[in-house]
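What follows is a single structure, written as structure tokens, with notes after it.
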Amino acid sequence: MQAKPFALIGVNINCHEPRQLKEVMEKEQLNFRSFTDTADGEGLGVISSAWNLMGTPTLFVIDHKGRIRYSRRAVPDQQVVDEVLQKLIQEAEGDGK
Amino acid sequence: MDRMVGGILVLVQCMSVAAADEAQDKRPPTPEQQCKALLKEYDDAFQAYTRTYREAKTAQEKQQVIHEKYPRPDKCASKLLELVEKNPGEAFAEEALIWILTNEDRLRRIEPWYAHETRYEKIWILTSGGRQMGVLSKEEQDIRSMAIDMLLRDHVASPNLGRVAEMLGSSHDKKSAALLRAILDKNPSKEVKVRACVALALQMQARLAIVKQLRADPQAAKSVEQSYGKEYLEELQRAVPTPLEAEAEMLFAELIEHYLPDMKPASVALLCQQLYYTDDSEMLLRALYTMDKRDEVRGVACLVLGQVLMRNADRQVLGDAKIAEKIHAESEKLLEEAANKYAEAKTAFDGPVGRKARSELFDLRHLSVGMAAPEVDGVDQDGKQFKLSDYRGKVVLLDFWSEH
């Protein structure tokens, strides 16, 4: 997957300082890049609010043009996410050529 | 995760009773005592498993605990069944059979999705508790089927079958449907009957959804077979949607006219919301939305139907854009109706219908499939500033997560 036009990006919703988030991710052995959300003063994170977050896990798949193409506000279905990613990666590769 | 294990524990604990003072008693234990001892043994093993699971530190360790310590209920179930077979009709037999059907569990091979990303192995294990729904083994099927037979034969009028009926709502086999029908015919308890009818409706809805899916996409056969077995697949491949739909409509009408009026609006609201989490509940929700006489029920059904349609439109990502647009438009209409006409109706766990509907309308207009992703601008775990749009040109899987 490394060479493909694909990136897994996290948004940690717990509004840690970056250093704290790094510790959490090391402890949990998580190896992707993640935003850390910032508290908005009303008990929510700025990013989480903007994305109308209801809970985790929540996934969005965004295509190479920046459009939302899939979302899932629950435990993801492996097969569907795989299919969507494959299709969109093919689209991205097609456009890149 | 803790909450989920807690839920299972409570269930198991309710059903277990401290073993009698067998040590002082020289006589061989009665079947009832044997039954209690078996349940206690299972309960103890389950508690030991939960403790060890909590103590395990890494995802790998937890996975190992699941593999090694998870007490399979089918082993306990087969011993219970043997006991019931020798002593049919006794009071403990009913408890044992209910235990078998409500604790039936499916410990399956854990297949982490996204094997190259540790993150998703973890999500999978945490959310599924290491269990995966799937086809029961031949042995498990036999246990289940015998337990159903015996309940049907000896205990069909029991007032304690509500929970069993509810569980059978997610089953797909003919036997469980037969038990539910028998409960509707013979059980005197209104409460048990309501749950049996809801369960039958859910079974019908699921069957219909699969039949339609198989017609639309023959490729789906593989996953249907994987999930429900070859026999069921073949039965559904032979089924014709139209009469099945008519049958479902009759059942839904029976449910709404005869049984649901006995249920409090709050319970029906909860049912509507649960329908969001089952696949293809559109038809049943439409029936509730158009046929239930109570505004507080229709409001919640209207909201959830709007939500389900939004999800259906989003799912068209691999399908037809025109169809997606049409579903999207109907979803917007329903959500607006929910926000305006039914604003005061109460959902079971999402607050007033109006507020939830407005929040869903925001999703529909800004966060649904086809919309431009809102910018995310923030810092990463190294304190480095970056933006979601930095990844333009790449497909991004944006994952909102929490370590809690």
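Some notes on this structure:
- Sorting A:31-40, B:91-100, B:182-191, B:304-313 by their mean Cβ neighbour count within 10 Å, with the most densely packed peptide first, gives B:304-313, B:91-100, A:31-40, B:182-191.
- Looking at the protein assembly as shown, the accessible area is 50 square angstrom per residue; that uses a 1.4 Å probe and ignores ligands, DNA and RNA.
- Per-residue average of Cβ from other chains inside 10 Å of B:304-311: 1
- Within 10 Å of each Cβ in B:359-372, the average number of Cβ atoms from other chains: 3
- Kirkwood hydrodynamic radius (C-alpha pairs) into Stokes-Einstein, region B:141-226, 25 °C and 0.890 mPa s, D in µm²/s: 180
- Simple rule: put +1 on each Lys or Arg Cβ and -1 on each Asp or Glu Cβ in the protein assembly as shown, find the dipole, and look at B:373, B:272, B:179; the Cα lying farthest toward the positive end is B:373.
- Average beta carbon contacts from partner chains per residue of B:384-394, 10 Å cutoff: 5
- Debye equation applied to the C-alpha atoms of chain A, log10 I(q)/I(0) at 0.13, 0.15 Å⁻¹: -0.55, -0.73
- Annotation: the protein assembly as shown has a Kirkwood hydrodynamic radius of 25.2 angstrom, from the mean reciprocal C-alpha pair distance.
- Computed lengthening from residue B:215 to residue B:264, 0.36 nm per intervening residue step minus Cα-Cα distance: 13.9 nm
- Cβ crowding within 10 Å averaged over residues, with A:74-87, B:356-369 ranked highest first: B:356-369, A:74-87
- Were the residues from residue B:189 through residue B:37 laid out at 0.36 nm apart, the gain over their Cα-Cα distance would be 51.7 nm.
- Rounded tilt (10° steps) of A:18-27 against the dominant C-alpha axis of chain A: 70
- Chains A and B, summed buried accessible surface - 1.4 Å probe, Å², nearest 100: 5900
- Computed over the Cα atoms of region B:266-369, pair by distinct pair, the Kirkwood hydrodynamic radius stands at 13.3 angstrom.
- Dipole magnitude of the protein assembly as shown, debye to nearest 20 (Cβ charges: Lys/Arg +1, Asp/Glu -1, about Cα centre): 380
- Taken about its Cα centre, region B:275-354 carries a charge dipole of roughly 140 debye when the Cβ of each Lys and Arg holds +1 and the Cβ of each Asp and Glu holds -1.
- Carbon and sulfur %, accessible surface of region B:288-358 computed with the full protein complex present, 1.4 Å: 51
- With every protein chain in place, region A:22-74: carbon and sulfur % of accessible area (1.4 Å): 48
- With the helix formula -39500 (n - 2.57) applied to DSSP H stretches of n ≥ 4, chain A reaches a computed 222 nm mean residue ellipticity of -10500 deg cm²/dmol.
The values are calculated or read from the model by the stated rules, or taken from the named source; none is laboratory data. Source: prediction; values computed, not measured. FYI the Cβ positions are ideal-geometry reconstructions off the backbone, even for glycines, and counts take in every protein chain you see. With ligands, DNA and RNA removed, areas are computed over all heavy atoms of the protein, side chains included. Shrake-Rupley method; radii C 1.70, N 1.55, O 1.52, S 1.80 Å.
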